Each structure stands twice: as C-alpha cells, then as structure tokens.
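Just below is one structure, and these are the notes that go with it.
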Amino acid sequence: MKNNRFGAIGLYLLWIGSCFLFGLFIPALSAGSSSSSEVPFVLRTYAIIGLICGTFLISLFNMFFFREWFKKFWYINGFITLLTGGIIVYHIVKMSML
C-alpha cells in the first residue's frame with residue numbers, strides 16, 4: 001500500500017473543512033456591502049455549490065486514485081457519489097424546466 005499524505009477520507013474532510021471555513025468568513029467578506037444587499041446569500045450559495053460539486057468530483061477521483069480503499073469501502077463512496085450526483089442532476093433538471 002502506498003504512503004499517501006492524504007487518504008480518501010482525508011480529502012473529503014479537507015474539502016468539507018475548507019468549505020465550512022469559507023462559510024465562517026462570509027460575514028467578514030460581505031462587511032463592506034450595504035445592509036440590504038444579497039452578498040451574504042450569494043456567497044453562501046457559492047459555498048454550498050462548491051461543497052456539493054467538489055465532493056462529487058472527489059468521490060469520482062477516489063475510484064481511480066485510491067483503488068484499494070474503494071474496493072474495501074465502495075458503499076461509502078457509492079453513497080456519496082449517488083447523493084451528490086442526484087442533487088446536481090435534480091438542479092440541472094429544475095433549471096432546464098424554467
């Protein structure tokens with residue numbers, strides 16, 4: 001087994017942690033905007049979109065980069081792939097119906 005700096009779970013945790021860290025800085029990032037602006041809402045939306053799309057891509061990359069882990073824990077990766085892929089497909093279908 002290779003000695004990787006980040007494992008499959010480490011990549012998930014690193015990405016989720018970075019998205020939540022961005023979410024904590026949203027009040028500081030939108031401090032210069034007026035009180036009635038939608039900047040915090042838009043930044044939170046970007047954080048959620050980045051979280052879902054990034055988690056989906058990480059789950060796809062885990063199939064190729066961490067084959068041993070994927071063979072052992074395929075149900076974890078499959079659940080995350082189906083959940084985030086379902087959310088992405090749902091929103092694509094909803095946007096195409098507008």
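The values are calculated or read from the model by the stated rules, or taken from the named source; none is laboratory data. None of the values given here were measured: they were computed from a predicted structure. As a convention, Cβ positions derive from the backbone with ideal geometry for all residues, glycine included, and neighbour counts pool all protein chains shown. Surface areas here come from the heavy atoms of the whole protein model, side chains and all, with no ligands, DNA or RNA. Shrake-Rupley method; radii C 1.70, N 1.55, O 1.52, S 1.80 Å.
Between PHE66, ILE26, HIS91, the Cα set farthest toward the positive side of the dipole of the stretch 4-97 (charges on each charged residue's Cβ, about the Cα centre) is that of PHE66. Think of a 1.4 Å ball rolled over the protein heavy atoms: the chain then has 78 Å² of accessible area per residue.
Compared with the alpha-carbon gap, the fully stretched path from HIS91 to PHE79 is longer by 2.5 nm at 0.36 nm per residue. I want to check the label-to-label distance for LEU98 and PHE6. Put each point 7 Å from Cα in the C-beta direction and report it in nm to one decimal. Here the answer is 3.1 nm between the modelled labels.
Other residues lying with their Cβ under 12 Å from the Cβ of ASN62 contribute a combined charge of +2, Lys and Arg counting +1, Asp and Glu -1. Protein heavy-atom surface of the stretch 30-96, 1.4 angstrom probe: 75% of the accessible area is carbon and sulfur, with nucleic acids and ligands not counted. What you get for the chain, charging only the Cβ of Lys and Arg (+1) and of Asp and Glu (-1), is a dipole of about 380 debye around the Cα centre. Counting only alpha carbon atoms, the long axis of helix 8-24 and the longest principal axis of the chain meet at about 10°. All C-alpha pair distances within the chain, sorted into 5 Å bins from zero, spread as 2, 12, 18, 18, 15, 13, 11, 6, 3, 2, 0 percent across the bins. A probe of 1.4 angstrom, applied to the heavy atoms of all protein chains, finds LEU24 with accessible area near 130 square angstrom.
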